[in-house]
Amino acid sequence: LAGGSLVRLVLNLQDFRLHIVNTLSLTLSPLVNEVGIDEDWGVKWRSYTLDGSLMGSGVVRLKSSTIRGNSVSRLDHPLPWLGNIKTSNMIMGLGIGDELPDVLVYKLEFSYNYGVTPPVTWCDTNKATNTYFLTNPTINNYNFRQSRFSLFGAVRTLMPKVDLDVECRALDYDNFECNLRNVESNYAAIMTTLTLTRGGLVEARWGDNRILPTIYSENYITLLPGETSRVGISAKNLDFSRTCDESRIVMLDRERRNSSARATIVISVDGWNVKTKQIQVECAPTSIV
């Protein structure tokens, strides 16, 4: 479940037109800062190569001063394409020639106000974001445009995995926070995924060790070199009680309460070209009693 998707940014890949999908019943309006109302009321975009070089940035502005609740707003101007040259040295470095298209990462951001207090502190509910991997929209050959996935396959096969710096902590028994940093790689960490799981639990009936349902403030994150992201995670599984044992959060099966049903809480980190990690969550120092 995507807990941070109350307002969504959707790009039409045929004409590069942006749409703002407001699933709230509330009207959206520009944020007010120290100077006044945000004059760049619209979707801010940044375009990068897969090795993190900035190609350009700008704003696709909204004409209207508000966005109605439960509505879809189509922006008038398309997202500009900044390729048309060999934009990524990484492609040539892989030794796969010119048969694959340029792929640019477009980071989208839309800030708004809707006049109520955010429901959870770790979820930035005044901002919608999205990331697209795009090829030249003027080329009508569908197979060519879809071949960006061929480049991703080459990246996954030929390049070393991106080793993210990940720190996770418990806020209480049901809420967690992870900070991810791409600090040691020269390339983007593509579609990084977090999964809340039971660790050390070996029972046939728990073949799937994911803790469900779980709400993430965001997931499937692409981190460019030097980029960071904070992810909030919330889960309340009523089948297990939780306690603190030797600084670890331990889950006990409510039905059995025996040693074979004990499990720790582990956050799994994975991605398209991301090195897999298992982060065991320790008890929060003060908030868990």
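The values are calculated or read from the model by the stated rules, or taken from the named source; none is laboratory data. The model shown is predicted, which means the values in this text are computed figures rather than measured ones. Please note: Cβ atoms are built from the backbone with ideal geometry, for glycine as well, and neighbour counts cover all protein chains shown. The accessibility values were calculated without ligands, DNA or RNA, using every heavy atom of the protein model including side chains. Shrake-Rupley method; radii C 1.70, N 1.55, O 1.52, S 1.80 Å.
When the range 76-94 is examined, which residues are found to be open to solvent by less than 100 Å² (accessible area, probe 1.4 Å), more than 22 Å from Val43 (Cβ to Cβ) and either modelled with pLDDT of 95 or more or part of a loop (DSSP other than H, G, I, E, B) (or both)? Write out each step before concluding.
Here is the first cut: in the range 76-94, the residues open to solvent by less than 100 Å² (accessible area, probe 1.4 Å) are 76, 78-83, 86-88, 90-94.
This time we only want the ones that are more than 22 Å from Val43 (Cβ to Cβ), so: 86, 88, 90-94.
Hits for the range 76-94 are Lys86, Ser88, Leu94.
Table: residues versus (1) over 14 Å from the mean Cα position of the chain (by Cα); (2) modelled with pLDDT under 90; (3) part of a loop (DSSP other than H, G, I, E, B); (4) surrounded by 20 or more Cβ atoms within 10 Å (Cβ to Cβ).
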residue	(1), (2), (3), (4)
Asp172	yes, yes, yes, no
Asn186	yes, yes, yes, no
Thr193	no, no, no, no
Val202	yes, yes, yes, no
Asn219	no, no, yes, no
Gly226	yes, no, yes, no
Asn237	yes, yes, yes, no
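Name the residue that is farthest from Trp41 (Cα to Cα), counting only residues in the range 62-75 that are over 24 Å from the mean Cα position of the chain (by Cα) and surrounded by 12 or more Cβ atoms within 10 Å (Cβ to Cβ). By that ranking, first place goes to Gly69. Cβ-Cβ distances below 6 Å connect the following pairs, each with a first residue in the range 102-115 that is open to solvent by 10 Å² or more (accessible area, probe 1.4 Å), a second residue that is small (Gly, Ala, Ser) and assigned to a loop (DSSP other than H, G, I, E, B), and a separation of six or more residues or different chains: Asp102/Gly83.
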